[in-house]
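To start, the structure under review is shown below, and the notes come after it.
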There are 2 protein chains.
Amino acid sequence: MLNRVRSAVAHLVSSGGAPPPRPKSPDLPNSTSAPPAAPPQAPRSPPARAGSGSAAPARTVEARASFCRPTFLQLSPGGLRRADDHAGRAVQSPPDTGRRLPWSTGYAEVINSGKSRHNEDQACCEVVYVEGRRSVSGAPREPSRGQGLCFYYWGLFDGHAGGRAAEMASRLLHRHIREQLKDLVEILQDPSPPPLCLPSTPGAPGSSDSSHLVGPQSCWSSQKEVTHESLVVGAIENAFQFMDEQMARERRGHQVEGGCCALVVVYLLGKVYVANAGDSRAIIVRNGEIIPMSREFTPEAERQRLQMLGFLKPELLGGEFTHLEFPRRVQPKELGQRMLYRDQNMTGWAYKKIELEDLRFPLVCGEGKKARMMATIGVTRGLGDHNLRVCSSTLPIKPFLSSFPEVRVYDLTQYEHCPDDVLVLGTDGLWDVTSDCEVAATVDRVLSAYEPNDPSRYTALAQALVLGARGTPRDRGWRLPNNKLGSGDDISVFVIPLGGPGSYS
Amino acid sequence: MLNRVRSAVAHLVSSGGAPPPRPKSPDLPNSTSAPPAAPPQAPRSPPARAGSGSAAPARTVEARASFCRPTFLQLSPGGLRRADDHAGRAVQSPPDTGRRLPWSTGYAEVINSGKSRHNEDQACCEVVYVEGRRSVSGAPREPSRGQGLCFYYWGLFDGHAGGRAAEMASRLLHRHIREQLKDLVEILQDPSPPPLCLPSTPGAPGSSDSSHLVGPQSCWSSQKEVTHESLVVGAIENAFQFMDEQMARERRGHQVEGGCCALVVVYLLGKVYVANAGDSRAIIVRNGEIIPMSREFTPEAERQRLQMLGFLKPELLGGEFTHLEFPRRVQPKELGQRMLYRDQNMTGWAYKKIELEDLRFPLVCGEGKKARMMATIGVTRGLGDHNLRVCSSTLPIKPFLSSFPEVRVYDLTQYEHCPDDVLVLGTDGLWDVTSDCEVAATVDRVLSAYEPNDPSRYTALAQALVLGARGTPRDRGWRLPNNKLGSGDDISVFVIPLGGPGSYS
C-alpha cells in the first residue's frame, strides 16, 4: 500500500502495557504455532531499488524473517528471490503443474517498485472444514446426527508499515472464521429459523434439558426473525474482531508490526460472503455487467464516523486535532475571519468564525488518495495498527480505526452462471490505475481467448490484470500503454470463477 | 403521527433549567411575534370520537389555542370546524378561487380518526425573498451590484405529543433557511468557486480589505473544492439546527410541547433540495419512473448510530437500557444462556452469554412501525422533543434524536419535464397504507383525466392520494377498497409539478 501510512514506521512506538494474553478461542493457534507460510530457509532478499535503504539496521533481521509469500505459489528459493525483486517485478502465479487452487481460482501478484523492502500484500486460499462444537441442545454431537460444514475461503491482505500483520492475518483469519462457525454447524443445516437462545456450555448442568432451549415458538410474540445468512455475517464480523484482538495481545511478543487491509470471500451453503475492511476492492463481472461487492473505507468515506467519534470523545484528539473539517488547514492570520467548515452532522458546507481551537490540525484532511486521518493514515478500517501513533506525537490512532468489515452477500443460486462470470478481488495496487470497466474489458478479452473449460484461463486473467496495472519499464518508471504511470505498489489479484465448486476443478 | 410516541404526553416533564433566550439570528421573530397561521377566533373544535376524551382538562385551553391550519387553506370558521372533525374527516384543499399556490402546487389534508385532539400535521408553502446581508468583501451591498435571491419553499411537519412544535416549525423554518442564505446571496450568483474565507463582520476593521479575502488562488495547493450546491445544503442543515435550538430556548415560555418530523423542499437556482428529518417521504414520479428523494429515519434505520452513541456515552442510557440489540427482551431465567445479539458494529447476528446487564431494556426494539427507541419513540430525527422523557423515568430522549436532515438534490435543468412529472410529499399517514408504486399509478390515473394545462389537476391529485389513504367509513372503521384498514393518522400531501416555476401558474 503506497504511502498509506505517512512515515508511520518511523513513529511506531511500543505501547506501555499490552494486555496479558487471554485466548478467546482455545482451539486457535497463536501466531507462532502455525507453520509459517514460507520456507524458513527463505534467502535474504536483494536490496530494493529505493526506499529500503532507509530501513533501520536493527529491523533487518526481523524484516528478513517476515519475508514470505503465499504457500500456494510453491516458490522455490530462486522463485522467492525473483518474487522479491523490485527491479524485475516478475508476475507470480501458482505453477501450471501440480494441485490447482479450489474452483480453478486464478491468482497473480507482483512486488512494488521499491516503496517497501518486501511485498507487503499477502494472500490465502483454502477449503476449510468446520466440525460442530456440539449440538444445538448442548449435548455432545452424535456422529450420525449431521455432517460438518465446508467453506471455501479467499483472502487478500494489504499490509502497511510492515508486513507482519498481513502475514499473520493470512495465516489465521480463516481459522477465526472457522471458530465462529463451530457453534452454527447444526443450525445452518437446519431449515427452521435459528434458535434465539442456546444453553451456556456443553455438559453444564441442565444444558441438555431442552426446556432451556428457547425456540421461536415459546418466545414472546414480538421478536425479530434472524436469518441463517445474518448468522454467517455475524460470524465473519466477529472473526475480524477476534483476529484484531489477537494481534493486540501478541503485538509485543511476536512483533506484530503495522496493520493491514483485509478483503475476504467465504463461500458457504450456496452464498458468497464478501467482507472488506480497508481499500481493497471486489467486483463481480457477470455477462459483462459490473456488480460492486465492496466499498473502500478511507478518511473521506468515513469522515462522519470519525468526526462523530472525535466530537463525542474529544480526549481522543489529544488537543492536537479538531473534529471539524475545513477545505484546507486554517492559518493563524485567519483568526476571526469566517471559513468554510463541516461538522460531524453536515454533508454540506457553511461558514464559521475561526477561533483558536480551529487552528488545530483537522482530523480528516486531503482528498482522494491523498486523504489522511490524523495526518497519518489513508485507510480507516483494517487489522492491527495497535502501536500506530500520530507523527511526532504519542497520540494513538487505533481508536479511530475499525476492524469491522462490511459484508455483502451474493446468492450464487439465483443466477445461472457461465464460465466467463467471475469475482475479481484486488488490492489497491490494481484499482489505483484500473477502473472497474477496464477490468471488465480485460475479463472479456482474456477469457474469450481460452476454451471455456481450460482451467488455466483464470490464472491468465489474473496475470493480465496485474500486468495491466504494473505496466512496463520505460522512461525511468513503470508505464502503461497510454504512457501514464503504472502502479508502483504491490499488486495482488484473485479471479474466482462463479460456476460453482467443482465446475472447473 | 399515530402511536409514534408511546404515552409521551403523559410523561412530558418540564426540565429544570431551560437556558436563557440567546437569539442567534436577530432578524428572526420569536415564536410569538409571527402572526398565527390560524384566525384567533378559531372556534372550539367538537370532541373527537376517540382518544380526545383522555386529554387532561388542564390542557384544553392550550390545546384549543394551538389549533390552526395552514393559512393557504383560507378556512372560514365553519371550514375550520369541518377540518377539525374526526368523524367526517373531510379532505381539505386550498379553494379553487383566489390565489393559487406557487407552481400550481396541489395540496390536500385530512385529520386523524381520533388518535389526537387536533390535526398535528402542519404545512407551509411560500416564495421567500432573500436579501444579501452584505457583499462578499464585507462592504455594504450596493443596490446595483446584484439582486437578492428567491427560493420556493414547501414544508410538511408531522407533530407528535402535541401540535405546537409542528406549528412553530411551519411558521419559522423557512425564515431560518432565509437567514442562513443571507450570507450566500452574492456567492451563489457568482459562477466562480465560493471563497474559502470571508471577513468576520461587515464594517469590522479591515473587513473591507480584500487582502483578507482568501480566494482559491491564494490558498495552499491542497484544498477541497466546495460547490455552490453544498453551500445550500449546509444552509438548510444549519437552519434545521437553529430551528431546533429556538424550540429549546422557547420551550417553557411558549409551551413548545412535543416534536415534529420535518420534510421540506427548497427550489433555488435550478435545483430542488429535499431535506428530511423524520418518517415523512418524498418521491419524484417522472414519466412513470419512481425516484426516491428521501428515506425514513426510524429506530431500525438508525440502529447503529443510536447504539454507537449509547456505547460511547453509556451515561445517556442511565443504567436502564443496554446498547445491545436482542431479537426480543431477555428474561431473567435466561441468565447464563447464550442469546442472539447485535452490537453497534454488527449487521449480522451472533450468540453471546447473557449477563446481568443484558436484562436491561434494549435501546432499540421492535420492528417496522412498532420499532421504538428507548421504548418510547418511533422516529429518530426531527425538531423539538426537548422535554421528552422515557416512560416512567426522568431519562431524556433528546440526546439520541437528531435534528439534522438528510438533503438530496435534484437538478431540474438536467431533464425536460412534462406536466405529468411531479414531486409528491406525504406524511406517514399517506405512506403507511400506500406504496410508491400505488402513488405512481394514482399520478397517472388522475393527471391523465385532466388537460395538461389545467392548474387544478395537482390539487385533484393530492385529494385523490389523501382519499385513497383515508378510505371510507365501513365496518366500524375507515377502510380501503380492498377492505384493509385505511390510515387513521393525519394525512397531508403536497403535489409539486416539476415543469418549473411559472410554467403552470
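Here the calculated FRET efficiency for residue B:347 and residue A:435, from their Cβ-Cβ distance with R0 = 22 Å, stands at 0.20, rounded to the nearest 0.05. On a per residue basis, region B:314-378 carries 39 Å² of accessible surface, using protein heavy atoms and a 1.4 Å probe. Give the shape of region A:388-445 as rounded, prolate or oblate, defined through the alpha-carbon gyration tensor: a ≥ b ≥ c are the square roots of its eigenvalues, a/c under 1.5 means rounded, and otherwise the shape is prolate if a/b is larger than b/c and oblate if not. Cα axes put region A:388-445 in the oblate bin.
Legend: calculated FRET efficiency, residue B:394 to residue B:227, from the Cβ-Cβ distance at R0 = 56 Å, rounded to 0.05, equals 0.80. Plainly put, the tip 7 Å out from Cα toward Cβ on residue B:484 is 5.0 nm from that tip on each other copy, the closest given first.
Of all lysines in the structure, the ones whose alpha carbon falls short of 25 Å from that of residue A:182, not counting any fewer than 8 places away in one chain, are A:24, A:224, A:271, B:352, B:353.
Give me the percent of the accessible area of region A:314-378 that comes from carbon and sulfur atoms, probe 1.4 Å, all protein chains in place.
Working: 1340 of 2530 Å².
Ligands and nucleic acids excluded, carbon and sulfur give 53 percent.
At residue B:335, label 7 Å along Cα→Cβ: distances to the other copies, nm, ascending? Copy-to-copy label distances for residue B:335: 5.8 nm.
Between amide H atoms placed 1.01 Å from N, distances below 5 Å from residue B:150 occur with B:130, all of them 5 or more places distant or on a separate chain. With θ taken as phi - 60° and the Karplus curve 6.51 cos²θ - 1.76 cosθ + 1.60 applied, the whole-hertz 3J(HN,Hα) list for region A:242-250 is 5, 4, 5, 5, 5, 4, 5, 5, 9 Hz, x standing for glycine and proline. Counting from the shortest, the label point at residue B:355, 7 Å from Cα toward Cβ, is 3.8 nm from the same position in each remaining copy. B plus A alone minus the pair: what accessible area, both sides summed, probe 1.4 Å, in Å² to 100? Using a 1.4 Å probe on protein heavy atoms, the buried area is about 4800 Å². Determine the shape class of region B:279-348: with a ≥ b ≥ c the square roots of the Cα gyration tensor eigenvalues, call it rounded for a/c under 1.5, and otherwise prolate if a/b is greater than b/c, oblate otherwise. Because a/c hits 1.5 or more and a/b exceeds b/c, region B:279-348 counts as prolate.
Two decimals is fine: what's Rg over Rh for region A:314-378, C-alpha atoms, Kirkwood radius as Rh? Numbers along the way, then the final one.
Working: Rg = 11.5 Å, Rh = 12.2 Å.
On the Cα set of region A:314-378, Rg over Rh gives 0.95.
The string of couplings for region A:465-472 from the Karplus curve (6.51, -1.76, 1.60, θ = phi - 60°) is 5, 5, 4, x, 8, 6, x, 10 Hz, one whole number per residue in order, with x for Gly and Pro.
With +1 on the Cβ of every Lys and Arg and -1 on the Cβ of every Asp and Glu, and nothing else charged, how large is the dipole of region B:314-378 about its Cα centre, in debye rounded to the nearest 20?
About 340 debye.
Here region B:342-406 and region B:71-101 have alpha carbon centers that stand 38 Å from each other. Chain B versus the axis that turns it onto chain A: the residue with the nearest Cβ and the distance in whole Å amount to B:312, 2. Derived scalar couplings between HN and Hα for region B:85-100 equal 9, 5, 7, x, 6, 5, 6, 10, 9, x, x, 5, 7, x, 6, 7 Hz in order, rounded to whole Hz, by the Karplus curve 6.51 cos²θ - 1.76 cosθ + 1.60 (θ = phi - 60°), x for Gly and Pro.
Among the GluC sites (Glu not before Pro) found in region A:332-430, those both in a DSSP coil and sparsely packed, with 11 or fewer other Cβ atoms within 10 Å of their Cβ, are A:355, A:416.
Scaled against the 2.2 N^0.38 Å expected of a compact globular protein of N residues, the Cα radius of gyration of region B:416-485 reads 1.20.
The values are calculated or read from the model by the stated rules, or taken from the named source; none is laboratory data. Just so you know, these numbers come straight off a predicted model, no measurement behind them. Cβ: placed from backbone, ideal geometry, glycine included. Neighbour counts: every protein chain shown. Just the protein is used for accessible areas: all its heavy atoms, side chains included, with ligands, DNA and RNA removed. Shrake-Rupley method; radii C 1.70, N 1.55, O 1.52, S 1.80 Å.
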